[in-house]
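Every number in this text was worked out from the coordinates using simple rules, so none of it is lab data. As the structure is a computational prediction, the values presented were derived from the model and not from experiment. Reconstructed Cβ throughout: ideal geometry from the backbone, glycine too, with neighbour counts over all protein chains shown.
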């Protein structure tokens, strides 16, 4: 069974958690849980570049490996940070994860709706958050970026790319992840 633990600086509604669990259950039986009472504020903020006003995602990911020290492939942790992140060489990232690892980070700042129109901005934000959590969890399951632009594993260079893709894995990515999981024999 995949065990997904989420530590979040924002409230994540049950329908988002249920969608993540249902989507990952297409790959393997999955349980998603919010971990309460874990405050990573000091750790996260210690990697904020005050000149850029963003968090260095690579350095934070490395630090979180030591904080959580997860060894079992089937245990994953997602940290949802209400801030902006970057990696050297890129202006920003929506998230970062260990390829075939256990830790994923999602940054919410660029997922927030910056325009008003005929849309429900709360729903749109949570759709984007769901996609990015699934995307980063996919990397922890050894999935790389998918050429299918509708697949949640497609690379997002902008918020428009996030909005275009669906909150699910394509058949090819599902099969790849299943293959990895059967090889890891958990």
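Work out how much length residue 109 to residue 160 would gain on full extension: take 0.36 nm times their residue separation and subtract the Cα-Cα distance, in nm to one decimal.
16.9 nm
With a 10 Å cut-off between alpha carbons and a GNM built on the chain, which of 104, 63, 167 moves the most?
Most flexible of the set in this elastic network: 63.
Divide the volume of the convex hull of the Cα atoms of the chain by its number of residues and quote the answer in cubic angstrom per residue.
115
Let me have the relative contact order for region 2-184, percent, based on Cα pairs under 8 Å that are six or more residues apart.
Normalised by residue count, the contact order of region 2-184 is 19 percent.
Looking at region 1-105, I'd like the Rg to Rh ratio, where Rg is from alpha-carbon atoms and Rh is Kirkwood's inverse mean 1/r.
0.97
What full-extension length gain, to one decimal in nm, is calculated for residue 148 and residue 87 as 0.36 nm per residue of separation minus the Cα-Cα distance?
Extending this stretch completely gives an extra 19.5 nm.
Over region 111-183, one equal point on each Cα, no solvent: what is log10 I(q)/I(0) by the Debye formula at q = 0.15, 0.19, 0.20, 0.28 Å⁻¹?
-0.50, -0.73, -0.79, -1.27
What distance in nm separates the simple spin-label points at residue 62 and residue 14, each placed 7 Å from Cα in the Cβ direction?
4.2
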